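The values are calculated or read from the model by the stated rules, or taken from the named source; none is laboratory data. Worth saying up front: this structure is predicted, and the values here are computed from it rather than measured. Glycine gets a Cβ as well: all are built from the backbone with ideal geometry, and neighbour counts include every protein chain shown. Keep in mind that these areas ignore ligands, DNA and RNA; they rest on the heavy atoms of the full protein, side chains included. Shrake-Rupley method; radii C 1.70, N 1.55, O 1.52, S 1.80 Å.
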Amino acid sequence: SRIIGNAFLSGQGGSGKTHSILNDHGFVNVLYVSPTRLLGMKMQDKYGVRWTTIHKLIGVDCVPYRQCYSVPSIILGDDSTMSDGTWIKKIFTMYPECLILIAGDIDGEGRWFQCRSGDGNRFNTIWKPQGVDIIEYLNDYRARDEELKSLKLAVREQMRKCCFDELDVLCMKTWAY
């Protein structure tokens, strides 16, 4: 009910970003966009949602989704840290007629708190939410233990202070120990 235009759903894993959209019957004709086939199939089994990979959606080494299928009303791009930022920008360019929702563990400043893809030597660029509403999901529905929830929040707060150069990584490791 808070979403009236393109938006970024920001929050940690288990905060309800994907679940809230795929369980909201007000969102009709949602296309779930996944960084991997395995996650797409998992969400199809769990929610009965139509899905594709981001590669197929924008046509990375294949024909773009819109050339083979009808354009959806809503695109829900999940796990944004696992896709290159330029690919996410391309979604907005290629599908201007859609309501586009991007979900991920990134804050409004573009700081990331979860794995990101790459080849081990070079990581993908993280998409920084711009020109979209940012909706924060603050609850943790996945962790069952209050102590674990508090620890996860403390780790995130410490990560906010880092830029992830070599010195920051060392500081984060020291803090964790």
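For segment 152-169, give me the residue count where each residue is open to solvent by 100 Å² or more (accessible area, probe 1.4 Å) and assigned to a helix (DSSP H, G or I).
2
Report, by residue number, each residue of segment 24-52 that is polar (S, T, N, Q) and either open to solvent by 70 Å² or more (accessible area, probe 1.4 Å) or outside any loop (DSSP other than H, G, I, E, B) (or both).
S34, Q44, T52
If you take the residues in segment 84-98 that are of a type in the set (D, E, K, R) and open to solvent by 60 Å² or more (accessible area, probe 1.4 Å), which one is nearest to V49 (Cα to Cα)? Give the derivation first.
The first filter runs over segment 84-98 and keeps only residues of a type in the set (D, E, K, R), leaving 84, 89-90, 97.
This time we only want the ones that are open to solvent by 60 Å² or more (accessible area, probe 1.4 Å), so: 89-90, 97.
Details: K89: 23, K90: 22, E97: 20 Å.
By that ranking, first place goes to E97.
Which members of segment 120-151 meet the condition of being assigned to a loop (DSSP other than H, G, I, E, B), more than 22 Å from the chain's Cα centre (by Cα) and over 30 Å from I91 (Cα atoms)?
Result: R144, D145.
Here is a check on your reading of the model: is T81 under 30 Å from R50 (Cα atoms), β-branched (V, I, T) and either in a loop (DSSP other than H, G, I, E, B) or open to solvent by 80 Å² or more (accessible area, probe 1.4 Å) (or both)?
Against the criterion (under 30 Å from R50 (Cα atoms), β-branched (V, I, T) and either in a loop (DSSP other than H, G, I, E, B) or open to solvent by 80 Å² or more (accessible area, probe 1.4 Å) (or both)), T81 does not qualify.
Would you confirm whether any residue within segment 57-77 is without any contact (Cβ under 8 Å) to a residue 40 or more places away in the chain, closer than 23 Å to N23 by Cα, open to solvent by less than 20 Å² (accessible area, probe 1.4 Å) and touching a helix residue (DSSP H, G or I) at 6+ places or on another chain (Cβ under 7 Å)?
The answer is yes, given that some residue of segment 57-77 is without any contact (Cβ under 8 Å) to a residue 40 or more places away in the chain, closer than 23 Å to N23 by Cα, open to solvent by less than 20 Å² (accessible area, probe 1.4 Å) and touching a helix residue (DSSP H, G or I) at 6+ places or on another chain (Cβ under 7 Å).
Among the residues of segment 56-76, is any part of a helix (DSSP H, G or I), touching a strand residue (DSSP E or B) at 6+ places or on another chain (Cβ under 7 Å) and among the hydrophobic types (A, V, I, L, M, F, W, C)?
Applying the first criterion (part of a helix (DSSP H, G or I)) to segment 56-76 yields 56-58, 65-67.
After this cut, where a residue has to be touching a strand residue (DSSP E or B) at 6+ places or on another chain (Cβ under 7 Å) as well, the list is 57, 65.
Within this subset, residues satisfying the condition of being among the hydrophobic types (A, V, I, L, M, F, W, C) are 57.
Within segment 56-76, one or more residues are part of a helix (DSSP H, G or I), touching a strand residue (DSSP E or B) at 6+ places or on another chain (Cβ under 7 Å) and among the hydrophobic types (A, V, I, L, M, F, W, C).
Restricting attention to segment 99-114, report how many residues are buried (at least 18 other Cβ atoms within 10 Å of the Cβ) and out of contact with any helix residue (DSSP H, G or I) (no Cβ under 7 Å at 6 or more places or on another chain).
Total satisfying the criteria: 2.
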